[in-house]
1. Which shape class, rounded, prolate or oblate, goes with the stretch 14-74 when its Cα gyration tensor gives a ≥ b ≥ c as root eigenvalues, a/c under 1.5 marks rounded, and past that a/b bigger than b/c marks prolate?
2. Explain nothing, just the number: dipole magnitude of the chain about its Cα centre with +1 on each Lys and Arg Cβ and -1 on each Asp and Glu Cβ, in debye rounded to the nearest 20.
3. Going Cα to Cα from residue 87, which lysines come in below 16 Å? Please leave out same-chain ones fewer than 8 positions away.
4. If you restrict to DSSP beta bridges whose two residues both lie in the chain, what percentage is antiparallel, to the nearest 5?
5. Using only Cα positions of the stretch 71-122, each an equal point scatterer, no hydration layer, compute I(q)/I(0) via Debye at q = 0.23, 0.27 Å⁻¹ and quote the log10 values to two decimals.
6. Using a 1.4 Å probe, what is the accessible area per residue for the chain, in Å²?
7. Ignoring any ligand, DNA or RNA, what whole percent of the accessible area of the chain comes from carbon and sulfur when the probe is 1.4 angstrom?
8. Just want to confirm a number: the relative contact order over the stretch 15-77, from Cα pairs under 8 angstrom separated by 6+ residues, in percent.
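The values are calculated or read from the model by the stated rules, or taken from the named source; none is laboratory data. Everything numeric here is computed off the predicted structure, so don't read it as measured data. Reconstructed Cβ throughout: ideal geometry from the backbone, glycine too, with neighbour counts over all protein chains shown. The accessibility values were calculated without ligands, DNA or RNA, using every heavy atom of the protein model including side chains. Shrake-Rupley method; radii C 1.70, N 1.55, O 1.52, S 1.80 Å.
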Amino acid sequence: QVQLVESGGGLVQAGGSLRLSCAASGRTFSPYAMGWFRQAPGKEREFVAAIVWSDGMTYYTNSVKGRFAISRDNAKNTLYLQLNSLKPEDTAVYYCAADPRTAVYAYDYNYWGQGTQVTVSS
């Protein structure tokens, strides 16, 4: 079993930055990919970004391209999401996920964290 624990969320003003972390623990950890998703109040969970664990190839949803950066530290089994130029519409609970069953942007990951709140004030 794999456990994922997010951290780094908080309250920030528009234009500010945050760095989210997701630490993975448990059995030998070697996912195909890890991703970040977010869910705003009253909205469905949406894909934000993903990274292939072996070669670092990255994927982003259009609304965050150029502002967010996903990265990983294989040695530490830790995933990161750098959030820059934050906007009020980025306010959501951010979830990390590991080991997608199909596509990296799909919701069918095998493992999910508990989420961390990001609130951007205007």
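1. Since a/c reaches 1.5 and a/b is larger than b/c, the shape of the stretch 14-74 is classed as prolate.
2. Dipole of the chain, to the nearest 20 debye: 120 debye.
3. 65
4. Bridges in the chain that DSSP calls antiparallel: roughly 90 percent.
5. Each listed q maps to, in turn, -1.03, -1.13.
6. Per-residue accessible area for the chain comes out at 50 Å².
7. Ligands and nucleic acids excluded, carbon and sulfur give 48 percent.
8. Across the stretch 15-77, relative contact order equals 27 percent.
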